[in-house]
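One structure below.
The values are calculated or read from the model by the stated rules, or taken from the named source; none is laboratory data. For clarity, every value in this text was computed on a predicted model and none was experimentally measured. Neighbour counts run over all protein chains shown; Cβ positions are idealised from the backbone, glycine included.
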Amino acid sequence: MIEGFCLFGSAMPDLSVFQYNAVDNIFSMTVATMGAAALFLLMSRSHVDPEYRPALLVSGLVVSIACYHYFMIRHSWHDAYSLVGGGYKGTGAAFNDFYRYADWILTVPLLMVELVSVLRLPAAKATNLLTRLVIAAALMIALGYPGEVIADPTRWTERIVWGGLSSIPFFYILYVLWTELTQSLDSQPPAARKLLEIARLVILITWAVYPIAYAIGGTPDALAAKAGTANAANGVVGANGVVGLQIGYAIADMTAKAGFGVLIYLIARSKSTKTASHEAYASA
Ligand SMILES: *C/C=C(C)/C=C/C=C(C)/C=C/C1=C(C)CCCC1(C)C
């Protein structure tokens with residue numbers, strides 16, 4: 001079934017005005033959050049010691065890239081739907097999932113860079129850790145994409161297989177981050193230690209939202225296919241699946257990029273001895 005596998009998007013189910021607006025509003029909020037976080041992170045580089053500035057620069061880039069992509073994602077959302085007789089119907093223009101995956105393939109490796117650079121590990125260790133994390137992150141996104149673009153409910157098994165394959169590097173990353181962050185805690189100043197423990201939790205919780213949102217995007221289809229409803233017959237993804245997936249990804253992206261970026265800033269600030277004391281001196 002060729003319509004079921006469109007590389008750059010899929011047929012869209014009808015949505016109520018409420019469902020359409022919920023997604024549209026969360027996209028709009030995400031653009032604003034990413035943009036504001038970018039300004040904050042890039043402008044506060046001078047508040048931390050020079051060795052922590054690259055971490056803030058990279059954090060600022062991550063949210064800038066995401067700000068652009070959410071702008072495009074929202075644009076694509078507008079193109080994909082039009083208001084027809086009190087509800088939203090697909091225009092036939094595909095909603096472009098590629099923007100999000102293009103975003104992730106850039107930002108997830110960069111998130112690894114911002115985290116490792118704020119830890120300030122010995123150079124050899126940092127390089128080794130970063131290489132493993134970046135390769136695993138790229139694999140995780142690349143393996144998720146073929147499953148993401150499957151919209152045909154009868155091909156749900158394939159969606160699960162790609163999701164499963166993508167979960168191998170996913171669990172690897174979580175395992176590596178958890179063990180490495182735990183090990184590095186001893187070498188961190190006490191104030192940063194608490195914040196790193198929070199960062200560790202934020203990664204674990206926000207990253208877990210992605211496979212859940214992915215599953216929500218597929219589950220209603222599969223149920224519809226089983227029940228043989230009109231939805232399944234049309235070969236389009238279920239309305240609740242689309243709405244749940246889009247809102248889930250957007251919230252997770254805001255937390256994992258903007259929220260995490262602010263945490264990186266706080267960690268960098270708590271580890272900055274020179275700049276902080278200089279400021280105290282200047283304001284005294
Ligand atoms: C800023 C973007 C971030 C932190 C994106 C993270 C994405 C994931 C952790 C995605 C994971 C996935 C799986 C574990 C299986 C299903 C497919 C994915 C790609 C959604």
Go through region 55-84 residue by residue and tally those that are closer than 20 Å to ILE247 by Cα, within 16 Å of the ligand (Cβ to nearest atom) and touching a residue at least 40 places away in the same chain (Cβ under 8 Å). 7
I'd like the full set of residues that are modelled with pLDDT of 90 or more and hydrophobic (A, V, I, L, M, F, W, C), limited to region 167-184. ILE168, PHE170, PHE171, ILE173, LEU174, VAL176, LEU177, TRP178
Assess whether LEU130 counts as being in a loop (DSSP other than H, G, I, E, B) and more than 16 Å from the chain's Cα centre (by Cα). no
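Residue by residue, here is whether (1) among the hydroxyl-bearing types (Ser, Thr, Tyr); (2) within 23 Å of the chain's Cα centre (by Cα); (3) farther than 20 Å from PRO13 by Cβ holds:
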{"position": "VAL118", "(1), (2), (3)": "no, yes, yes"}
{"position": "PRO122", "(1), (2), (3)": "no, no, yes"}
{"position": "VAL134", "(1), (2), (3)": "no, yes, yes"}
{"position": "LEU139", "(1), (2), (3)": "no, yes, yes"}
{"position": "PRO146", "(1), (2), (3)": "no, yes, yes"}
{"position": "VAL149", "(1), (2), (3)": "no, yes, no"}
{"position": "ARG155", "(1), (2), (3)": "no, no, no"}
{"position": "VAL161", "(1), (2), (3)": "no, yes, yes"}
{"position": "SER166", "(1), (2), (3)": "yes, yes, yes"}
Residue hits (region 130-148; more than 11 Å from the ligand (Cβ to nearest atom) and crowded, with 20+ Cβ neighbours inside 10 Å) are LEU133
Filter result (in contact with a Leu (Cβ under 9 Å, 6 or more places away or on another chain) and more than 11 Å from the ligand (Cβ to nearest atom)) within region 160-181: VAL176, LEU177, TRP178, GLU180, LEU181
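Would a scan of region 86-107 turn up a residue that is of a type in the set (Val, Ile, Thr) and within 15 Å of the chain's Cα centre (by Cα)?
Looking only at region 86-107, we keep the residues that are of a type in the set (Val, Ile, Thr), and these are 91, 105, 107.
Subsequent filtering for residues that are within 15 Å of the chain's Cα centre (by Cα) retains 105, 107.
For region 86-107, residues of a type in the set (Val, Ile, Thr) and within 15 Å of the chain's Cα centre (by Cα): present.
Within region 234-275, how many residues are of a type in the set (Ser, Thr, Tyr), out of contact with any Asp or Glu (no Cβ under 8 Å at 6 or more places or on another chain) and either surrounded by fewer than 22 Cβ atoms within 10 Å (Cβ to Cβ) or over 14 Å from ALA55 (Cβ atoms) (or both)?
3
Just checking, does region 224-231 include any residue being at pLDDT below 95 and in contact with a Ser or Thr (Cβ under 6 Å, 6 or more places away or on another chain)?
Narrowing region 224-231 to residues at pLDDT below 95: 224-231.
Adding the requirement that they be in contact with a Ser or Thr (Cβ under 6 Å, 6 or more places away or on another chain) leaves 225.
Yes, because at least one residue in region 224-231 is at pLDDT below 95 and in contact with a Ser or Thr (Cβ under 6 Å, 6 or more places away or on another chain).
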Exactly one of these conditions fails for LYS257: (1) under 22 Å from TYR70 (Cβ atoms); (2) of a type in the set (Lys, Arg); (3) modelled with pLDDT under 95. Give me its number. (3)
Given (1) closer than 26 Å to VAL242 by Cβ; (2) surrounded by fewer than 19 Cβ atoms within 10 Å (Cβ to Cβ), ILE216 misses just (2)
